[in-house]
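Values in this text are rule-based calculations from the coordinates and carry no lab data. Small disclaimer: the values here were computed from a predicted structure and weren't measured.
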Amino acid sequence: MTTRAGRDAFLDTRASLFAIRLLRREQRLALVERPLEELPPLLRQAGLETLVEAMPADTAALEQRLASVLVRESEQLFHAVDAVARDFLRHWLRRLELINLKLLLRARLAGHEPVRTRGLLLDLGSLTTLPVESLLQAESAEELLRQLERTPYATMARQARKAYQEGADLFAAEATLDAHYYHQLVHQARRLPGRAGQQVRNLLGAWLDQVNLVSLLRFRVHYRLEAPHAYFLLAPGGHLLPPSLLQQLAQRTSLPEMLTLLPATLQVLLEGADTVGKVEQRMIARVRRQARLLLRRRNPGLARAFAWLYLREQQLQLVHTVLKGHLLGLEPELIRFCADPLANLEVGPAEEEVTS
């Protein structure tokens, strides 16, 4: 039987080996700037040799290939953790299955044929829990959500179906799915014991602060949702933005008004950020910095593994954006415009370089 110490040592070693695949800032910028034929060395450095051996023929195949990489690497982490940690990591990755679920909802509303929709879904291998074939045959979005009530998504589906029935609004249903996902993620994180669990919750809290602030700005400033509705759709568990402050923020309707209510740490970080996009970039940069520090230092294996997983997803997103641009034949300037925020995040005036 594998001992806890043995699992921890294996997980720590695996996180260190995987960390080598993370591109540094100068490499990320090179990925954005160089033509397609000069990218193989960078892709190999990122552990994406399969893309060098055979570049996907289209953007759907590219997305599937990168999703498969993340699933395969994550499975290697699962072998080294106990059941509680595995549940948390699997739920973190369930956001990939939410992509499939939302695509199924949109396809059903648009009346797309199942065969067309099936070709767009990500094959998530061992992470799959959705009864995809059954959902593809659902006659309506409401029926699709009703079928989900017989799956691990039961509570989420009931809430989303209620939101959809009340407003027949796809946005409301999808936002409800997201909100339930966040609540379950926090619940799973709270079960993690010891120092490793606390460090995971610290990083998760920073990420949830980002999610909540950016979501609230979009809900109130861009979409003009009512304050109670906007607050209801937020995630729990952030560190610097507790529920009481989020309730105050939800009462405001402009970006400057919200920023003046933020804690001093975030006001300094966001000084001069005059768009929701800039706020998002700086909040992401803050989370990245925390994740990199957690990964670099001698911390428990689970905390380092979660930090690596967060950073790996970010970099695979960058690779996807760059290669998708090349596959679509976009001009280099447009590829740089789309990919640069992922490679070279804007940071606040008082922040040190956080993206190396």
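Observations, loosely collected:
- Most fluctuating residue given options 140, 126, 68, as computed from a GNM of the chain linking Cα atoms under 10 Å: 126
- Principal semi-axes in Å for the chain [√(5λ), Cα gyration tensor, largest first]: 29, 27, 24
- Most fluctuating residue given options 89, 124, 293, as computed from a GNM of the chain linking Cα atoms under 10 Å: 293
- Relative contact order for the range 155-238, counting Cα pairs under 8 Å that sit 6 or more residues apart, in percent: 29
- Stokes-Einstein D for the range 39-108, Kirkwood Rh over Cα pairs, 20 °C, 1.002 mPa s (µm²/s): 152
- The share of C-alpha pairs in the range 1-154 whose separation exceeds 22 Å stands at 56 percent.
- q = 0.22 Å⁻¹: log10 I(q)/I(0) that the Debye formula gives for the range 169-261, counting C-alpha atoms only: -1.07
- Each residue of the range 130-141 is assigned a 3J(HN,Hα), and the resulting list reads 6, x, 4, 4, 5, 5, 4, 8, 4, 7, 7, 5 Hz, derived from the Karplus form 6.51 cos²θ - 1.76 cosθ + 1.60 (θ = phi - 60°), x at Gly and Pro.
- Taking a straight line from the alpha carbon of residue 162, these lysines sit under 29 Å away, with near neighbours fewer than eight places off in the same chain left out: 102.
- For the chain: relative contact order, % (alpha-carbon pairs under 8 angstrom, 6 or more apart): 23
- Most mobile of 154, 235, 15 in a GNM of the chain (Cα contacts under 10 Å): 154
- Evaluated at q = 0.18, 0.22, 0.23 Å⁻¹, the base-10 log of the normalised Debye intensity for the range 144-214, with identical point scatterers placed on the Cα atoms, takes the values -0.76, -0.91, -0.95.
- Interatomic Cα distance distribution for the range 226-356, bins of 5 angstrom, percent: 2, 9, 15, 17, 17, 16, 13, 8, 3, 0
- Computing Rg and the Kirkwood Rh from the Cα coordinates of the range 93-221 gives a ratio, Rg/Rh, of 1.01.
- Pairwise centroid distance, computed over Cα atoms, of the range 262-320 with the range 121-139, Å: 31
- At full extension, residue 229 and residue 149 could sit 26.5 nm farther apart than now, given 0.36 nm per residue minus the alpha carbon distance.
- Karplus-derived 3J(HN,Hα) values for the range 240-248, using 6.51 cos²θ - 1.76 cosθ + 1.60 with θ = phi - 60°, are 8, 10, x, x, 4, 6, 4, 5, 5 Hz; glycine and proline are entered as x.
- Measuring nothing but how far apart in sequence close Cα pairs (under 8 Å, 6+ apart) lie, relative to its length, the range 1-130 scores a relative contact order of 27 percent.
- Equivalent ellipsoid semi-axes, the range 28-70, via Cα gyration tensor eigenvalues times 5, rooted, Å: 17, 12, 10
- Helices in the chain, meaning DSSP H runs of at least 4 residues, each add -39500 (n - 2.57). Divided by all residues, the mean residue ellipticity at 222 nm is -22000 deg cm²/dmol.
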